[in-house]
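Colleague: If you scroll down you'll find the structure; I have some questions about it.
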Ligand SMILES: [Zn+2]
């Protein structure tokens, strides 16, 4: 585990440094084809990256990969209740220290949409609920943007080059575009687990910075290299996902990416879950992600509860396998 197959000089596509690097052999395990791919670990910034980007990447994505499942529950609130819920969410995200908002939040339960996604709105430090919000690589059913919209942040838009066609999803415009084809000025540009799939992360973030208003926020969620999961599971860490994940960024690599593209990292929040631990153990046992079993099969309730505790502990210690990085446009 974690044993390189050789060393060779490699020019990192993130920090540009050319150095003698460890080369690892990783196996495809989402479908369980076990096709192998070589990855280099940059000895300067710690980013793990595929040695050669396959020319036919599309064939590694299952047909249903881009069609996220739509919500099946109805809207939580209608009419006046929706207006109150929106006031609640806007006040919590934009003016968290206001006394009136604080009092209302003590009296009323938090809307479910805000429980799930409110932290992104709070940490992004938006100026107003009219700030334009863009989700890059959002899939055909951008549930996150639809929830933002229900929370009263209505200026939302999603793009994904791999969806079939432009459409509206629960009031959210979803465009079949790449980020370089976009114009406009956004208060928040988000990439939730899409940057690791892009062949050119530096170019992608330059466009994200170009689309931000001064002091706008870029939110990036990615797997994080060099933490507990890499040390414990090595090539069986579920987030490596070769060859779809072309990169696993270290914290240093993320900071460097920001510095090169006009973005200043101001907050990092780790967000691994018990699923990541269970799925990595299943890889160790030779069970592909897309097996007929459920991800919790083969584990007792006590084990699953331990995984939850472990994931929380790793998140608190900033040593988990996934994180949300918040950048401000410089
Ligand atoms: Zn590097």
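Read-outs: derived from the displayed coordinates by stated rules, not from any lab. All of these numbers come straight from a predicted model, not from anything done at the bench. In this analysis, Cβ positions are derived from the backbone assuming ideal geometry, glycine residues included, and neighbour counts consider all displayed protein chains.
Colleague: Rounded, prolate or oblate for segment 1-155? Axes are the square roots of the Cα gyration tensor eigenvalues, ordered a ≥ b ≥ c, and the cut-off for rounded is a/c under 1.5.
Modeller: Since a/c reaches 1.5 and a/b is larger than b/c, the shape of segment 1-155 is classed as prolate.
Colleague: Using alpha-carbon pairs under 8 Å, 6+ residues apart, how would you state the relative contact order of the chain in percent?
Modeller: 18
Colleague: Continuing with the same structure: Determine the gain in length on full extension of the stretch residue 166-residue 284; use 0.36 nm per residue of separation and subtract their C-alpha separation, reporting nm with one decimal.
Modeller: Full-extension gain reported as 38.4 nm.
Colleague: Label-point separation (nm) for residue 316 and residue 78, each offset 7 Å from Cα along Cα-to-Cβ?
Modeller: Distance between label points: 4.3 nm.
Colleague: Starting from 0 in steps of 10 Å, tell me what percent of the Cα-Cα pairs of the chain lands in each bin.
Modeller: 6, 23, 33, 26, 10, 2, 0
Colleague: Taking other Cβ within 10 Å of each residue's Cβ, how do 319, 241, 180, 113 sort, fewest first?
Modeller: Sorted ascending by nearby Cβ count, the order is 180, 319, 241, 113.
Colleague: For the chain, what does -39500 (n - 2.57) per DSSP helix run (n ≥ 4), summed and divided by total residues, give at 222 nm, in deg cm²/dmol to the nearest 500?
Modeller: Mean residue ellipticity at 222 nm (helix-derived): -9000 deg cm²/dmol.
Colleague: Starting from the Cα gyration tensor of segment 17-56, take the square roots of the eigenvalues, sort them a ≥ b ≥ c, and report rounded, prolate or oblate (rounded when a/c is under 1.5, otherwise prolate if a/b is larger than b/c, else oblate).
Modeller: Cα axes put segment 17-56 in the prolate bin.
Colleague: Would you kindly state how much longer the chain becomes between residue 18 and residue 200 on full extension, computed as 0.36 nm times their sequence separation minus their alpha carbon distance, in nm to one decimal?
Modeller: Length gained, residue 18 through residue 200: 63.8 nm.
Colleague: In degrees from 0 to 90, rounded to the nearest 10, what is the angle of the helix 251-261 Cα long axis to the longest principal axis of the chain?
Modeller: Taking Cα atoms only, the helix is inclined about 70 degrees.
Colleague: What shape does segment 88-240 take by its C-alpha gyration tensor, where a ≥ b ≥ c are the square roots of the eigenvalues and a/c under 1.5 counts as rounded, a/b above b/c as prolate, and the rest as oblate?
Modeller: Because a/c hits 1.5 or more and a/b fails to exceed b/c, segment 88-240 counts as oblate.
Colleague: Follow-up question, since we're still on this one. In nm, give the distance between the simple-model label positions of residue 185 and residue 11, each being 7 Å from the Cα along the Cα-to-Cβ direction.
Modeller: With each label placed 7 Å out from Cα toward Cβ, I get 3.7 nm.
Colleague: Can you compute the FRET efficiency between residue 155 and residue 64 using 1/(1 + (r/R0)^6), with r the Cβ-Cβ distance and R0 = 30 Å? Round to the nearest 0.05.
Modeller: 0.50
Colleague: So, one more: If you stretched the chain out fully between residue 98 and residue 2, how much longer would it get, using 0.36 nm times the residue separation minus the C-alpha to C-alpha distance?
Modeller: Full extension from residue 98 to residue 2 adds 29.6 nm.
Colleague: Now for a different question. What percent does the relative contact order of segment 201-330 come to when contacts are Cα pairs within less than 8 Å and at least six residues apart?
Modeller: It comes to 44 percent, rounded to a whole number.
Colleague: For the pair residue 51/residue 116, report the inter-label distance in nm, with labels modelled 7 Å from Cα in the Cβ direction.
Modeller: Once both label points are built, they end up 4.2 nm from each other.
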